[in-house]
Amino acid sequence: NLVSEAAKAINGVGILSGITASNTLQLMAGNDMTLTGTRVQAGGSAALIAGNNLSLTPSALRDDNGLLRGGDAVSVTTGKDLIVSAGNDLQLHGVTIAAGGSAALQAGNNLSLTPTTGLDGKVATRTSISTGDSLQLTAGNDLTIRQAEVKAGGDLIAAAGNNLNVESVLNDSETNSYNSRNGKTRVTTTTTTQTIDQQALTAGGNLILSAGNDVNLVAAKLDAGKGLGISAGNDINASTLTTVDTSDVLETRKRFKQTISTSDETVRRPPNFE
């Protein structure tokens with residue numbers, strides 16, 4: 001196993017762990033590799049390879065005199081190409097990856113690009129991947145991309161042996177109500193609005209999505225500078241998210257009778273293909 005993690009100083013402030021090479025860097029583990037709150041830098045190319053699981057995560061949130069402070073993030077920066085490979089699961093939570101050349105992220109089983117959340121349940125750190133040239137995301141089983149910033153200067157290929165999930169999510173909601181009157185009828189309108197954190201995959205060249213089973217796109221934005229291709233062994237599912245929900249309650253009073261009726265209206269954010 002290879003483990004690197006940020007230490008904690010006496011005053012509670014994290015000390016970032018760092019691994020640096022002026023040229024080529026190779027980190028290899030026969031079993032698991034865990035990098036927590038670690039900065040990895042290579043002036044040339046770099047390879048992070050684990051025979052079993054490979055996990056890149058920020059250090060835990062810490063309590064600083066009663067205030068919650070974000071943990072130290074993991075970053076991987078290379079001047080040239082980057083390979084990150086796991087024989088089993090590859091997990092990137094709140095990680096920043098920047099490769100000057102091409103990058104390949106490979107998992108024998110599941111590959112997940114997800115954010116970290118604070119104790120309040122809100123996103124603390126999202127995963128960000130950018131490459132100067134092509135980017136390949138490959139999973140033998142499921143590939144999940146949620147609330148991540150993924151951008152390739154060249155082609156972007158995301159391939160899963162089973163399901164490929166590209167998911168946007170809804171943020172906090174805001175509810176407003178107001179009353180109006182039309183003769184004997186009082187109208188109460190309640191509107192709940194949620195902003196959307198839309199998942200975007202951006203390629204300067206071709207953008208290719210493929211899955212042995214299902215491709216699931218939840219209000220996802222796919223932006224390709226050249227061609228866009230989506231293939232699935234089973235289903236391609238493109239679903240929406242409801243961002244605005246409006247409800248009207250009409251109350252009509254007569255001498256011996258009260259009538260109440262309601263109506264609802266929703267606005268949904270569909271997937272966006274460009």
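Counting only residues that are closer than 19 Å to I97 by Cβ, of a type outside the set (V, I, T) and either at pLDDT 85 or above or surrounded by fewer than 14 Cβ atoms within 10 Å (Cβ to Cβ) (or both), segment 1-22 holds 2 of them.
When the test is whether a residue is modelled with pLDDT of 95 or more, closer than 19 Å to L217 by Cβ and not hydrophobic (A, V, I, L, M, F, W, C), D142 passes it.
Within segment 104-117, residues that are without any contact (Cβ under 8 Å) to a residue 60 or more places away in the chain and in a loop (DSSP other than H, G, I, E, B) sit with their Cβ atoms under 7 Å from residues that are of a type in the set (D, E) and surrounded by fewer than 24 Cβ atoms within 10 Å (Cβ to Cβ), at 6+ positions apart or across chains, in these pairs: N109/D89; N110/D89; N110/D142.
Number of residues in segment 15-39 that are in a loop (DSSP other than H, G, I, E, B) and within 11 Å of A86 (Cα to Cα) equals 3. Taken over segment 40-67, the criterion of being modelled with pLDDT under 90, surrounded by 15 or more Cβ atoms within 10 Å (Cβ to Cβ) and either among the acidic types (D, E) or assigned to a strand (DSSP E or B) (or both) is satisfied by T57, R62.
When H93 is tested against (1) closer than 30 Å to G154 by Cα; (2) more than 18 Å from the chain's Cα centre (by Cα); (3) modelled with pLDDT under 95, just one condition goes unmet, and that condition is (2). Residues of segment 80-90 that are within 19 Å of the chain's Cα centre (by Cα) and surrounded by 24 or more Cβ atoms within 10 Å (Cβ to Cβ): V84, L90. Each residue in segment 214-243 was checked for being at pLDDT 95 or above, over 18 Å from R146 (Cβ atoms) and surrounded by 15 or more Cβ atoms within 10 Å (Cβ to Cβ), and 1 of them qualify.
The values are calculated or read from the model by the stated rules, or taken from the named source; none is laboratory data. Bear in mind that the values here come from a model prediction, so they are computed numbers and not experimental data. Note: ideal-geometry Cβ built from the backbone for every residue, glycine included; neighbour counts use all protein chains shown.
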